[in-house]
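Chemist: Here you go, one structure.
The values are calculated or read from the model by the stated rules, or taken from the named source; none is laboratory data. Since the structure is predicted, the reported quantities are computational estimates derived from the model, not experimental observations. Don't worry about glycine lacking a Cβ; one is built from the backbone with ideal geometry, like all the others, and counts go over all protein chains shown.
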Amino acid sequence: MSDFFQPADPDFRRAEPLGTILARWVKRSGLAHAGDRERITRAWEEILGPEAVHTRLERIRKGAAVFVVDSSTLLSELNNFRRQELLEGLQARVKAPFISDLKFRLEKRA
């Protein structure tokens with residue numbers, strides 16, 4: 001048999017199934033939780049109440065739900081006084097153990 005038909009990698013028999021590779025990629029990319037965005041947003045609106053219109057879920061990354069806030073006053077309140085209460089509320093309502101932290105940032109204005 002010619003070398004053309006031989007695999008370049010001597011460990012080719014230990015290749016991972018494509019499904020395993022894709023599952024790992026989806027988990028790392030954050031797409032595994034993409035379907036949870038709507039549930040998190042609804043729970044967030046219930047927990048935060050009318051002030052929720054001044055926030056939006058930007059992303060979920062490495063266990064942190066990152067919210068953009070349009071008011072520096074509200075940003076301060078969320079960061080300094082309500083973070084733990086809101087985190088516990090989200091975890092309870094959404095049953096989302098993958099959310100271990102909340103982060104807030106002020107929306108950039110043009």
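Chemist: Test T20 against the stated conditions and say whether it is polar (S, T, N, Q) and at pLDDT below 90. Explain how you work it out, then say what you get.
Modeler: Values: polar (S, T, N, Q): yes; at pLDDT below 90: yes.
Yes: the conditions hold for T20.
Chemist: Let me ask something else. Of all residues being over 11 Å from the mean Cα position of the chain (by Cα) and of a type in the set (D, E, K, R) in region 45-61, which is farthest from R105 (Cα to Cα)? Just the residue, please.
Modeler: Going residue by residue through region 45-61, those that are over 11 Å from the mean Cα position of the chain (by Cα) are 45-56.
Next, only the ones that are of a type in the set (D, E, K, R) stay: 45-46, 51, 56.
Working: E45: 17, E46: 20, E51: 15, R56: 10 Å.
If we take residues in region 45-61 being over 11 Å from the mean Cα position of the chain (by Cα) and of a type in the set (D, E, K, R), then E46 is farthest from R105 (Cα to Cα).
Chemist: So, of the residues in region 62-110 that are within 13 Å of the chain's Cα centre (by Cα) and among the basic types (K, R), which turns out to be nearest to E45 (Cα to Cα)?
Modeler: Filtering first and then ranking leaves K103.
Chemist: Can you tell me which residue within region 96-110, out of those that are assigned to a loop (DSSP other than H, G, I, E, B) and surrounded by 12 or more Cβ atoms within 10 Å (Cβ to Cβ), is modelled with the highest pLDDT?
Modeler: Looking only at region 96-110, we keep the residues that are assigned to a loop (DSSP other than H, G, I, E, B), and these are 96-100, 107-110.
When the remaining residues are screened for being surrounded by 12 or more Cβ atoms within 10 Å (Cβ to Cβ), the result is 96, 98-100, 107.
Working: A96: 63, F98: 75, I99: 86, S100: 90, E107: 93.
Looking at residues that are assigned to a loop (DSSP other than H, G, I, E, B) and surrounded by 12 or more Cβ atoms within 10 Å (Cβ to Cβ), I get E107.
Chemist: Just give me the residues in region 86-101 being within 20 Å of R59 (Cβ to Cβ) and either touching a Phe, Trp or Tyr at 6+ places or on another chain (Cβ under 7 Å) or small (G, A, S) (or both), in sequence order.
Modeler: G89, L90, A96, S100
Chemist: Related question: Would you mind stating whether G63 is at pLDDT below 95 and touching a strand residue (DSSP E or B) at 6+ places or on another chain (Cβ under 7 Å)?
Modeler: Numbers: at pLDDT below 95: yes; touching a strand residue (DSSP E or B) at 6+ places or on another chain (Cβ under 7 Å): yes.
Criteria met by G63.
Chemist: Is there any pair linking a residue in region 26-51 that is at pLDDT below 75 to one that is among the acidic types (D, E) and surrounded by 13 or more Cβ atoms within 10 Å (Cβ to Cβ), with Cβ under 8 Å and at least six apart or on different chains, and which?
Modeler: none
Chemist: Between a residue in region 66-85 that is within 13 Å of R56 (Cα to Cα) and part of a strand (DSSP E or B) and any residue that is at pLDDT 95 or above and hydroxyl-bearing (S, T, Y), which pairs come within a Cβ distance under 6 Å, given they are 6 or more apart or on different chains?
Modeler: Within 6 Å, the pairs are F67/T55; V69/T55.
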